[in-house]
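Worksheet: one structure, shown below.
The values are calculated or read from the model by the stated rules, or taken from the named source; none is laboratory data. Remember, predicted model here, so these are calculated numbers, not experimental data. Every residue, glycine as well, gets a Cβ built from its backbone with ideal geometry; the counts of neighbours run over all protein chains shown. To get the accessible areas, we keep the full protein, side chains included, count just its heavy atoms, and leave off ligands, DNA and RNA. Shrake-Rupley method; radii C 1.70, N 1.55, O 1.52, S 1.80 Å.
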Amino acid sequence: MYEKPLENSWITSGHLGSKDAVLVFRTSILNSRNSELEESMKCDNGSSSSNSLNIMTSSCGYDVIEAKVLTSLPKSNINLSNSNINKTLKSPKKRLHESLSSSDNSIYSDGCDDHIEMDGDISKSMSNDNVSIEEENEADVNEDKDNDHDQIDLFPDISELPASKLKITYKFHNSETKLLKRIFSQHGLKEVEGEQNFSILWTGVHMKPDILRNLTPYQRVNHFPRSYELTRKDRLYKNIEKMQHLRGFKHFDIVPQSFVLPLEYRDLVSAHNKYRGPWIVKPNASSRGRGIYIVTSPEHIPTDEQVLVSKYIGNPLCIDGHKCDIRVYVLVTSFNPLIIYLYEEGLVRLATVKYDKNVENLWNPCMHLCNYSINKYHSDYIKSIDAGDEDVGHKWTLSALLRHLKNQKCDTEKLMSNIEDLIIKSMFACAQSINAACRMFVPNGNNCFELYGFDILIDDSLKPWLLEINLSPSMGIDSPLDTKVKASLITDLLTLIGIPAYSPMMRSHYDTKWTRYKNVSYGRRTNSADPLSNSSHGYSKKKQSAKVAPLTAEEQRILKNVNLQNARRGGFVRIFPTDDSMQKYSSFLDPVTGIPISTSPSQSQSFSMIVPINYNLLLSNYLYVKQMKDGYIQDNTFPERMNQYERALETGAPISFGKKKSTPKSQEEGKKLRQQVRKLIEGGSELTQLQSRQAFGLYLESILKRLTQEPKSLHEKLILKFLSGVSGLSGFKAAPLLFKNNPMSFRIISKDRTAMVAKLLGDYLETYNRDTEAFIDTFDNFGMIPISTFNEFLSHAQETDLESILTLHTNFTHSMPFLYNRCGSSVPLTPPIPAGLHGFLKALPTMVAGGRDNSKIDGYYKNTIENKSDVNEGGDETPSNTQPTFNAIGSSKKRTKSIRVPKN
């Protein structure tokens, strides 16, 4: 029997129903769902288990569960009897149920009557309260810590969680949703679509101003307006270049020298005449390595392309001879005041092919680009198969890299300090324009947050270089290591930003009666009775230590919110502000507003009748200067941050998403269904456009799989010709990886060439399948293949089955609905498809050629075959000068970790 119900197990920062209460997210709940233990709990009989739970107290002030790995237990110990389940697991569940039952008025009545306070009332109550903000904050944190000793149910019923009880909802828009959807649903949030309201919106594109303007205080969106100033490659570089001119090149030497083409082509030529080095070409708005290639001269860059051309860093840090870069995750919760968090764990991506700076190897993206989306197609790419293997294969964790470098006697503290500096200065370069957009469109200071993915290259002197910033970093989980890092990242992020635990009536109150109030970025109109705070003018030590004027209600709200966020930070590390922020960065901030200045003083002058408030200095004074005087030391010093970066990420049981529940493909069943569909087509039935696109998409997926397993030069050439012809259809543009700067193309070995062609096909498939989702078949049409019959065929079809149906349908109907709309104009004539194996594949390039000249591709493969001594009759190549297969990087069997020694 427990002493008191635990109602705050899944909320923090306040009591359930209060205006400060927010949801708590944990990875432990992902461990419990759909696990072997939960499945065994459904059984009536079984033996008991003595498996226990370790409850640890996190530094953020809320509970974290570490579950022992259940899969390591014998099966006989996993099956639990009902009696033992009731004793060990159902008691806390019952307790949580009682505390959150519908009879508990704390959810509805308290949340709607006592705690519905509009902003005028909030300001009034805060200004009349003489309790200091530090004491109130400390009380909230201590209240959360009191719950650390209570046991939390590992298997809570979703319907009993606060998010489910309060009917909290989320919405997705153009975003990768597998991991996020799992986290949201397992914590009791429900997905809504269309015009239905939401508590959190997660989108992969920029926000429309109308959506931002109408946000209520309880709503959260994952983007700030004008974030493209950071995430477009050309805008990012031009903004940093402004800071180089305004503040000095040495302070913002964080990006390689770059030029925006075609406008700065002459400047590029002039720089090339001095530098004479390779240049890397990147589209202004692309991701996952698409469209990137390296040239030795500007002459190889088409003059009509809008690209960013950067100086290629030829001395990268290498691990076991392989080039690497790092992906770190940066969270910004506010631009005024500027609040920046860096997640304690990041990912290190290694190129598959060993690095060689010889100019003859510049064609090879698997050597020079570290993107996972490129290297995963290489036959030598190694995935870690265990979440605990953080330094195995071609993807490491950041903490593993730091420990590795430290063992090599490298100055990792200086490296991480420079990375923090790079992140902060990148934000400075774009903060002024983003802050202006927030002031214009965002009604509440807590509405927006943003998770950025910083791609950073480290050279052999341990100097970090910013490559790009990703708007919506990939949350794809292709390995246990990905799952561990990204699941922890997302759950900590959602807890930190604070999704309010408001009741439906409370949310309805805001939806119907909420009027926009001026948030922290709007400022206040001048009032003759308002005292002018000394903290608004300058950064001298004398003024910092001067007596600070009484805080306004808005300032108290901001300071309280910053402290509560920091208490919920989990694995995030606040890098701005810190105890030395003003000392290091005050010269880059406006002395009156505290906003980073990226324009000249004459351009940034404002004649508004608004008194600016320096919120950045306010936070510095109250978080560090004042508290240090009171004898309180913040736990955010650089040595403490460094310890957090170097420690391995702590998790409990491995998070398993389980295998897709699909019927295993039967070759015999596939042949039977193929004959059934063939008879229907021969009888006059046709495929709908959706059916033909589904079959063609699966057919290309089969080819993609075969290319990476059984490379054949003949089929690579056919696919390359098809992709060259289809370039421009459905928004797809084939990246010219092979021929842009490849005078030595015949030296490309088979597996490297296969990886490049597979990458292009994978990019096309992604675009193609996304377009296919727009087609819908709601019912069987007369003269068309029945939907149920064709879906059953697709579930068992092999490559030969799909090719047979596509060939027959194309020859019978003389149309290509898998590529063109039946009613579309300028559709090319359907080519004859030869009989025999791979006949459809051989005809594929002529379906989209449109008079395109493929002589370069033919000449390339002719040179390739002529310069290979051992080419089999079927087209398979086994080149004699192939590089030795790379079996493991840092594997447990052979740990020969080495790096290029940094220069002193």
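Observations
- For the residue pairs Lys383/Lys584; Lys425/Lys560; Lys383/Lys672; Lys171/Lys721, the alpha carbons lie more than 30 Å apart in Lys383/Lys584; Lys383/Lys672; Lys171/Lys721.
- Charge context of Lys250, other residues only, Cβ under 15 angstrom, K/R +1, D/E -1: +1
- Of the peptides 391-397, 264-270, the order by per-residue mean of other Cβ atoms within 10 Å, starting with the highest, comes out as 391-397, 264-270.
- Modelled this way, with points 7 Å down the Cα-to-C-beta line, the labels at Lys357 and Thr778 are 6.3 nm from one another.
- Using R0 = 25 Å, the C-beta based FRET efficiency linking Asp267 and Ser461 works out to 0.40.
- Thr599/Gln257 FRET efficiency (R0 30 Å; Cβ-Cβ; nearest 0.05): 0.85
- Among 571-584, 670-683, sorting by the average number of other beta carbon atoms lying within 10 angstrom of each residue, highest first, gives 571-584, 670-683.
- Between Asp386 and Val205, the modelled label-to-label distance comes to 4.5 nm, taking each label 7 Å out from Cα in the direction of the beta carbon.
- Average accessible area per residue (Å²) across segment 381-430 - probe 1.4 Å, nucleic acids and ligands excluded: 35
- Stretchable slack from Ser508 to Ala285, in nm (0.36 nm times residue separation minus alpha-carbon distance): 76.4 nm
- Solvent-accessible area assigned to carbon and sulfur over segment 291-351 amounts to 43 percent, based on a 1.4 Å probe.
- As a calculated quantity, the FRET efficiency between Arg647 and Lys409 at R0 = 25 Å, using C-beta atoms, amounts to about 0.80.
- Simple spin-label estimate for Lys842 and Asp304 in nanometres, 7 Å along Cα-Cβ: 3.5
- Mean Cβ neighbour count within 10 Å, used as a protection proxy, ranking 561-570, 495-504 highest first: 495-504, 561-570
- Centre-to-centre, using Cα atoms only, segment 785-849 and segment 264-282 are separated by 46 Å.
- Computed extension length for Lys238-Arg770: 188.3 nm, one decimal, from 0.36 nm per residue of separation with the Cα-Cα distance subtracted.
- Other-chain or far-sequence residues with amide H under 5 Å of Val573's (modelled H): Leu342, Tyr343, Glu344
- Remark: segment 191-270 carries 47 Å² of accessible area per residue (probe radius 1.4 Å; ligands, DNA and RNA excluded).
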